[in-house]
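The values are calculated or read from the model by the stated rules, or taken from the named source; none is laboratory data. Computed from a prediction, not measured in an experiment: that's the story for all the values here. Glycine gets a Cβ as well: all are built from the backbone with ideal geometry, and neighbour counts include every protein chain shown. Ligands, DNA and RNA are excluded from the accessible area calculation, which covers all protein heavy atoms including side chains. Shrake-Rupley method; radii C 1.70, N 1.55, O 1.52, S 1.80 Å.
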Amino acid sequence: MEGVTEKNCACRGGVVAAGVVNVKPVALRKEDRLSRMLIIQGILRSFCSVDHARKLFCDVLNYRRANTTLPCTKWPESIREAMAEVPSVLADQNGFKIVHLRLASDELRRSAERLIIQRVIHDDPTFRGLFVVSDNPRAHWEFINCKIQGKDPGRLVLRRMRVGVETVRTATERMALLEIAEAEEKSVTANELQRRCDAAFDVEAVTKAFFAEVANWYFWALRHARFPKDAPKEKDGYDHVSVIRMITRLIFCWFVKEKGLIGPELFDQRKLADLLVGFAPDKVSKKDSVFYKAILQNLFFATLNTEMDKRGWPRNGQNFMAHSLYCHKDLFVDPDKALDLFKNIPFLNGGLFECLDKDLGEGTHPRYVQIDGFSDHAGSQPTMPDFLFFCSEREVDLSREYGDEKFKAARVQGLIHTRNHYHFTVEESTPLEEELALDPELAGKIFENLLAAYNPETGATARKQTGSFYTRREIVNYMVDESLIAYFKGKLKESFPKATDVEPRLRHLFSYEYLEHRFLPREVDVLIAAIDYLRALDPAVGSGAFPMGILHKLVFVLGQLDPRNERWRATQIAKMDDPVMREQAERIFRDNGDNYGRKLYLIENCLYGIDIQPIAIQIAKMRFFISLIADQKIDPSAWNLGVRPLPNLETKLVVHDNCTCGYRRLSLIR
C-alpha cells in the first residue's frame, strides 16, 4: 500500500494502515480496558529491555515506531563518557519522542541522567518526549519526564517512574494516560502528548490518592480497633492516637522493607495462611487479631527494638513485661520456624519501636500500665482484626466520620493491599528531582493530614477536614532557603567584610543543579564551620517538614562544598577526645554512603523540634530514621548486618506546649 505507514498494534490484534480511514472514537468496553491495563501491568513488571519499551509504547500505547539516534558527536566528553551508547529514538508520534538512554555506570545515577537530559534540551529547546533510562547492565530501568519549572529553562525538573519492580499498579494507571486513541493518531500534537505525560508523572496526584485511601481506612479501623485500658482514648471513645501510632510504625517498616531489611513474606497473605493459626484475613465478622499480634507486635517490639543475639521465645515465667522476647507462640503453626521470619532483620532502636507498656514497680497502684498490650495475657491485648489488613475492597458508610453524605459508600480495603498498590522509595525528592512514588517527605505530609483528622484538644473529629492542611513543599523550600541564606550570609560577612556577591553566590550554591560552587577555599572552611555550629529549632514541628528540609539542603550543600567529605569528617572527629569514639566515627564515614555521615551528625547536633502532640513527634522521628536508613550500607557478614542502630532523639524532638514558654510559630536558626 503506497504512501501508507503500517503500524503494529498488538492490543488491537493486527496491522493497521494509519491515515487512510477517518475512524470515529469508540469507547472501550470495560473488559477491553481491563485487558489493556493487565497488558501494561505485565510489561512494566517484567521490564528489562528495549524490546519491552517498544512493545509498551508502539504495540500497546500506539506510538509510531522509530529507529533513529540523537546527534551527540559535539557533546562534551564528560557527557559522552556518562553514556554506554548513543541515545536512540524508539518511537516518534508527531514530534513527541520516546528516547532510550543507556548509562555507562552500573547503577542509575541521577547526576549523569541530568547531564545528558540537560544537553538534549540544550540542543533542542522545543523537545517534547519521555526518556527510558537503564544502567549499563540493563538491570535497572526507569522512565523520566522532564518539565521546565516556571519560565526558567535552567530549572529542569526530572520526575522518575521505576519499572521492572513488583509494585506497578500506580505506574500502570499513570502509563495508561499516555495511550493514543486510533482516531487521534494523526491529529494529536506533541504539545498535547507532553501535557498528558506531565499529568501522568504528577507526584502530588499519587500522594492525594494514597492519602484518600489511608484516611478512609483510618476512620473505618477506628470502629474495630480496641487498645488496652491505659491507651489514650478520645471523647468519642475511639483509639485515635494508638491507631495513628500503629500506622506510623508500619509505614516505617514499609520503607525499611524497600531497603531490603524486612522480608516480603511478613506481608504475604498466602504465606501467612500457612504460618499462622486462626488467621482470618477476609472475614469481617471475626475479631481475631492474629496478624497484628503474631507478626506486627513481634516485629515492632521483639525484633526492631531488640539486638539480634538477644531474641527468642521466653522461658517459663519470663514473658510478662519482657518486651525483648517474642509473644504469642500459640499463634504460629511452627514456633521454631517462626523465628526464621525475624532473624535477619537488624536491630534499629531509636525509640520508635519501644513498647509503651510499663512496670511502675512494687507499691505503685496500679503497678502495670498497658498501652501497646504486648503480652500473652488475653486481658491486656489489643484488638486489630485481620480483615483490617487483608480484606478485599468493599463499601462502608463513612458519612458520619467525614460529616459529608458523599462518603456514604466510601471504598475501603485491607491496609496491606493498599500498600501493595503503591511504590515506596527511600530516595529523597528535591525541588528538581522527584520520583513517582511515596518518599519519606511525602509520607510525612500525608500523616500531617491524618493528624488534622482529629483534634486532641477537644476530642472531636474534624469531620470536614479531608486532607487540606499540610505545608506545601514549595513553601518549605522557600523557608529553608531564605533562612539558611540569611544565616550563611551573616557568617561570611563576619569573616570577610569585604567579600562581594555573597548572596548571589549562595543562591547559586543552593540551586540543586550540580553546578560548581563559586567560593574560595577559605570561604568553604567558614561555611562548613557554620554548618557545624548551626542550631535550627522548629517550635511547632508537626511531621518535621521544616527540619527535614533543612537536613536535605545542608546535605546537598556539604556535597557541593566538600564532595569527598574530607572537611566534614575532620570537623566531626576533631571534637572527639575518646579514641574509641574517633574510631567509630571513622567507620561511620568509611562503611556507609557519603550522605550518611553528613546526615547523622547534622541530626545529632544541629536539628531540634517541639510539638504539643506526641504522635507528631513520633512521625518527625520516623522521617529522620528513614533518611538515615537510606544511606546505610548492608553487610550480611557484619554485626547487625552492618546497620548502625539509630540514634536516640528523645532530647532532639520533644513533646511540649510552647504556649507556656513564649514561642511563636516560627523557625529559629542560631
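For region 582-632, a simple Cβ point-charge model (Lys and Arg +1, Asp and Glu -1, everything else neutral) yields a dipole of about 40 debye relative to the Cα centre. The length gained by stretching the chain between Glu166 and Thr500 to full extension, at 0.36 nm per residue less their Cα-Cα distance, is 115.0 nm. Within straight-line reach of Lys408, meaning a Cα separation under 16 Å, sit the following aspartates and glutamates at least 8 residues removed in sequence or on another chain: Glu213, Glu393, Glu395, Asp397. If R₀ is 60 angstrom, what is the calculated FRET efficiency for the pair Met37 and Lys329, using the beta carbon separation as r and rounding to 0.05? The value I calculate is 0.90. The sum of -39500 (n - 2.57) across all DSSP H runs of n ≥ 4, divided by the residue count of the chain, sets its helix-only mean residue ellipticity at 222 nm to -11500 deg cm²/dmol.
Rounded to the nearest 20 debye, the dipole size of region 321-367 about its Cα centre is 80 debye, using +1 on the Cβ of Lys and Arg and -1 on the Cβ of Asp and Glu.
Working from the Cα coordinates of region 540-670, the gyration tensor eigenvalues give, after taking √(5λ), semi-axes of 28, 17, 14 Å in decreasing order.
Here's the picture: a label point sits 7 Å out from the Cα of Lys259 along the beta-carbon direction, and within region 347-379 the residues with their amide nitrogen under 20 Å of it are 347-355.
Packing here is the average count of other Cβ atoms within 10 Å per residue, and on that basis the peptides 495-501, 66-72, highest first, run 66-72, 495-501. Considering every Cα-Cα pair within region 482-622, what fraction, in whole percent, is farther apart than 19 Å? Roughly 55 percent, rounded to a whole number. Here the spin labels are modelled as points 7 Å beyond Cα on the Cα-Cβ line, and at Asp309 and Asp657 they lie 4.7 nm apart. The length gained by stretching the chain between Ile634 and Arg411 to full extension, at 0.36 nm per residue less their Cα-Cα distance, is 76.3 nm. Net charge of the neighbourhood of Arg367, taken over other residues with C-beta under 15 Å away and scored Lys/Arg +1, Asp/Glu -1, is -2. Quick one, what does Rg over Rh come out to for region 314-389 if you take C-alpha atoms and the Kirkwood Rh? Using only Cα positions, Rg/Rh for region 314-389 is 0.98. Computed about the Cα centre, the dipole magnitude for region 57-164 is approximately 380 debye when only Lys and Arg (+1) and Asp and Glu (-1) carry charge, each at its Cβ. Pull up the DSSP beta bridges for region 61-156 and report the antiparallel fraction as a percent, rounded to 5. So the antiparallel bridges amount to about 65 percent of the total. Summed over the residues of the chain and divided among them, the accessible surface reaches 44 Å² per residue at a probe radius of 1.4 Å. Maximal additional length on extending the Ile148-Asn344 stretch stands at 66.1 nm, based on 0.36 nm per residue less the C-alpha distance. Residues of region 256-298 with amide nitrogen under 13 Å from the 7 Å Cα-to-Cβ point of His224? Hits in region 256-298 for His224 at 13 Å: 280-292.
Applying 1/(1 + (r/R0)^6) with r as the Cβ-Cβ distance of Asp236 and Thr73 and R0 = 56 angstrom yields a FRET efficiency of 0.20. Computed FRET efficiency, Cβ-Cβ of Ala529 and Asp404, R0 51 Å: what is it to the nearest 0.05? My answer for the efficiency is 0.40.
Over region 149-259, the alpha carbon radius of gyration divided by the compact-protein estimate 2.2 N^0.38 Å works out to 1.58.
For Leu551, neighbours were defined as the other residues whose beta-carbon sits under 15 Å from its Cβ, and their charges (Lys and Arg +1, Asp and Glu -1) total -2. In the chain, a dipole from Cβ-located charges (positive for Lys and Arg, negative for Asp and Glu) runs towards its positive end, and of Tyr218, Gln560, Phe390 it is Tyr218 whose Cα lies farthest in that direction.
Averaging 1/r across all pairs of distinct Cα atoms in region 273-343 and inverting the result yields a Kirkwood radius of 12.7 Å. So, how do all the Cα-to-Cα distances of region 192-311 break down into 5 Å bins, in percent, from 0 on up? Reading upward from the zero bin: 2, 8, 13, 17, 19, 16, 10, 6, 4, 3, 1, 0. Put one equal scatterer on each alpha carbon of region 343-442, apply the Debye formula with no solvent term, and list log10 I(q)/I(0) at q = 0.10, 0.12, 0.14, 0.17 1/Å to two decimals. So the normalised log intensities work out to -0.58, -0.81, -0.99, -1.12. Pairs with C-alpha atoms separated by more than 31 Å, drawn from the list Lys229/Lys406; Lys329/Lys358; Lys337/Lys621; Lys259/Lys286; Lys358/Lys652, are Lys229/Lys406; Lys337/Lys621; Lys259/Lys286. Orientation-averaged projection of the chain equals 35.0 nm² [convex hull of Cα atoms, one quarter of hull surface area].
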